[in-house]
Amino acid sequence: MSFSGITEEIKTLLGEIHGVKQIAEQITPLSNAIQQIAEQTNLLALNASIEAARAGNEGRGFAVVASEVRKLAEDSKELSTSIHRLVNESNQQISVVSKRIHHMTELTEASQKEIRNVQSGIMTVQMEMENYMDMFKRNRAELHHIVEAIRQINHTTDELVSFSSAIIEKMNR
């Protein structure tokens, strides 16, 4: 998988984490609503206990029910508080994970940029090497022409020496 593919996967993951965080944030108002219902139920249970006490013996059964309702209201309130605390902890963890993933994305993008720089440098070196090879080939061809010209000069010089020797020999006769 390429760096750009990894970066896209990380961005997708960040989006999914953001979705989880939004869901967790929707739980908080629900938890608050449960807490409010629990408080209202507790008040109703308290009122019912007061009315049961006023009713005397006839209200004893109702007092037991009111006490149980109050206990359920208190349990609901505790559960709501626990849910709220867990949602907050979850949001904090999601934020930490989100920051780390964001940092990973930055590192991946920086690595990708460095690799592009290295690739660019390698291409530059390759182009320079090709230029040197072309120059070397041209120099070799020019050197070949120079060597050939020196051979021709040597051949001409040898012919001149032979010709000069022949003239000197004829003059000496």
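At a glance:
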| item | result |
| --- | --- |
| Residues located in the range 100-124, provided they are polar (S, T, N, Q) and closer than 13 Å to LYS11 by Cβ | THR105, THR108 |
| Test: residue in the range 144-157 that is more than 30 Å from THR41 (Cα to Cα), under 60 Å from the mean Cα position of the chain (by Cα) and not charged (D, E, K, R) | yes |
| Leading residue by the ranking (farthest from ARG85 (Cα to Cα)) among those in the range 12-45 that are surrounded by 15 or more Cβ atoms within 10 Å (Cβ to Cβ) and free of Cβ contacts under 8 Å to residues at least 40 places away in the same chain | ALA45 |
| In the range 61-75, the residues that are of a type in the set (A, V, I, L, M) and touching a helix residue (DSSP H, G or I) at 6+ places or on another chain (Cβ under 6 Å) | ALA63, ALA66, VAL69, ALA73 |
| Lone qualifier among GLU89, GLU25, GLU78, GLU58 - being out of contact with any helix residue (DSSP H, G or I) (no Cβ under 8 Å at 6 or more places or on another chain) and under 30 Å from GLU9 (Cβ atoms) | GLU89 |
| Residue check for GLY56: at negative phi, out of contact with any Leu (no Cβ under 8 Å at 6 or more places or on another chain), assigned to a helix (DSSP H, G or I) and small (Gly, Ala, Ser) | no |
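Here's the yes/no breakdown for (1) in contact with a Ser or Thr (Cβ under 9 Å, 6 or more places away or on another chain); (2) of a type outside the set (Asp, Glu); (3) farther than 30 Å from GLY5 by Cα; (4) in a helix (DSSP H, G or I):
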site	(1), (2), (3), (4)
ILE115	no, yes, no, yes
THR124	no, yes, no, yes
MET129	no, yes, yes, yes
ASP134	no, no, yes, yes
ARG140	no, yes, yes, yes
ILE146	no, yes, yes, yes
HIS155	no, yes, yes, yes
GLU159	no, no, yes, yes
ILE168	no, yes, yes, yes
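The numbers here are math on the coordinates, done by the rules we state, and not lab data. Keep in mind that what you see is a predicted model, and the values were worked out from it rather than measured. Every residue, glycine as well, gets a Cβ built from its backbone with ideal geometry; the counts of neighbours run over all protein chains shown.
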